[in-house]
Amino acid sequence: MRENIEAMLSVSSSNENNILYLIFDKLCKVNPREAKHSIRVSKLCEDIAISMNLRNRDIKITKAAALLHDIGKIKIDKDILNKPGKLNEKEWIEMKKHPEYGYDILNSYYQTKEISQYVLFHHERFDGLGYPKGLKNYEIPLISRIIAVADSYDAMISVRAYKDSMKKHVAIKELIYNKGTQFDPEIVDIFIEKVL
C-alpha cells in the first residue's frame, strides 16, 4: 500500500511523502473504509484538476489534500462513524468537527501546513450554508471546492453503514441539482463532462 500511495502522490520530496504516508496510515488503521474512499476521491480530484488545466504543483497539492480530506475522522468515535442509522443531533455536531480535527492534525506538520486549509474547508457550500466557517462562492479555496464535488459523488455511489449506494446516473442528477447551492457549478460541469 505504501508504494501505491507514494506513487500516487509523487510530491516534491521523499520526506514529504513519508509524512503524508504516516498520516494516511493512521486513517487506514482506524477506518479502512474511509481510507479507500479517500484514495478514490484523490484520484477523482486529480482528474478534475487536470481537466481544469491546473499547474502540476497544484495538481499534486489537490491529490494530497484529497487523500487526507477525512483524516480528522480518526478523532471521531467509531460508534458514530459506523452507526447504521441516522445520526442524532449530538452525534452530527461531533461528526461536523472532522474538518477542524483534520486541520489541526495537518497544520501541526511543516510538510502538510499548506494542505491543511483545503481540508478545513472541504465541507463549505457554494451558497454559504456549509461548515465550519460558512464561507461561500469563491471565498472557498478552489481545491476545497474540487474536493467537495469528488467527495460527495464518491459518497453517493458507495455503500455506507447508514445507506445503500446510488446508481451513478442518480448521483450525477444530484450533483446537477445542487449546482450553485452546495457545489461550484463550473467544477460540477467539468467533472461530469470531462471526468466521468
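The values are calculated or read from the model by the stated rules, or taken from the named source; none is laboratory data. Only a predicted model underlies this, so the values are computations on that prediction, with no experimental measurement involved. All Cβ positions, even for glycine, are placed from backbone atoms using ideal geometry, and neighbour counts span all protein chains on display.
Only one of the listed residues (Asn18, Asn31, Asn53) is crowded, with 19+ Cβ neighbours inside 10 Å, polar (S, T, N, Q) and free of Cβ contacts under 8 Å to residues at least 60 places away in the same chain. That residue is Asn31. Can you find even one residue in region 111-118 that is more than 17 Å from Ser152 (Cβ to Cβ), surrounded by fewer than 16 Cβ atoms within 10 Å (Cβ to Cβ) and among the β-branched types (Val, Ile, Thr)? No, every residue in region 111-118 fails to be more than 17 Å from Ser152 (Cβ to Cβ), surrounded by fewer than 16 Cβ atoms within 10 Å (Cβ to Cβ) and among the β-branched types (Val, Ile, Thr).
Selection within region 167-196: residues that are of a type in the set (Val, Ile, Thr) and either within 17 Å of Lys136 (Cα to Cα) or within 18 Å of the chain's Cα centre (by Cα) (or both). The member of this set that is surrounded by the fewest Cβ atoms within 10 Å (Cβ to Cβ) is Thr181. For Gly85, are the conditions met, namely being in a loop (DSSP other than H, G, I, E, B), of a type in the set (Gly, Ala, Ser) and either without any contact (Cβ under 8 Å) to a residue 40 or more places away in the chain or more than 22 Å from Lys179 (Cα to Cα) (or both)? So Gly85 fits the description; yes. In contact with an Asp or Glu (Cβ under 6 Å, 6 or more places away or on another chain), touching a residue at least 24 places away in the same chain (Cβ under 8 Å) and surrounded by 22 or more Cβ atoms within 10 Å (Cβ to Cβ), is that true of Ser38? Here the answer is yes, as Ser38 does meet what is asked. The selection criterion, being surrounded by 14 or more Cβ atoms within 10 Å (Cβ to Cβ) and over 24 Å from Lys36 (Cβ atoms), does not hold for Phe121. Counting the residues of region 154-186 that are more than 22 Å from Asp70 (Cα to Cα), part of a helix (DSSP H, G or I) and touching a residue at least 40 places away in the same chain (Cβ under 8 Å) gives 1. Of all residues in region 157-196, those satisfying the criterion of being out of contact with any Asp or Glu (no Cβ under 9 Å at 6 or more places or on another chain), under 18 Å from Arg145 (Cβ atoms) and among the aromatic types (Phe, Trp, Tyr) are Tyr177, Phe183. The set of residues in region 145-166 being at pLDDT 95 or above, small (Gly, Ala, Ser) and either within 13 Å of Arg125 (Cα to Cα) or exposed (fewer than 13 other Cβ atoms within 10 Å of the Cβ) (or both) consists of Ala148, Ser152. Show the residue pairs meeting these rules: Cβ distance below 9 Å; 6+ apart or different chains; first residue within region 128-143 and touching a residue at least 12 places away in the same chain (Cβ under 8 Å) and of a type in the set (Asp, Glu); second residue exposed (fewer than 14 other Cβ atoms within 10 Å of the Cβ) and in a helix (DSSP H, G or I). Close Cβ pairs (under 9 Å, with a partner that is exposed (fewer than 14 other Cβ atoms within 10 Å of the Cβ) and in a helix (DSSP H, G or I)) do not exist here. Restricting Asp189, Asp104 to those that are under 19 Å from Leu67 (Cβ atoms), acidic (Asp, Glu) and either out of contact with any Pro (no Cβ under 8 Å at 6 or more places or on another chain) or not in a helix (DSSP H, G or I) (or both) reduces the list to Asp104. The residues in region 43-82 that are part of a helix (DSSP H, G or I) and in contact with a His (Cβ under 6 Å, 6 or more places away or on another chain) can be counted, and the count is 2. One residue stands out in region 58-79 among those that are buried (at least 16 other Cβ atoms within 10 Å of the Cβ) and closer than 17 Å to Pro132 by Cβ: the one that is farthest from the chain's Cα centre (by Cα), namely Ile76.
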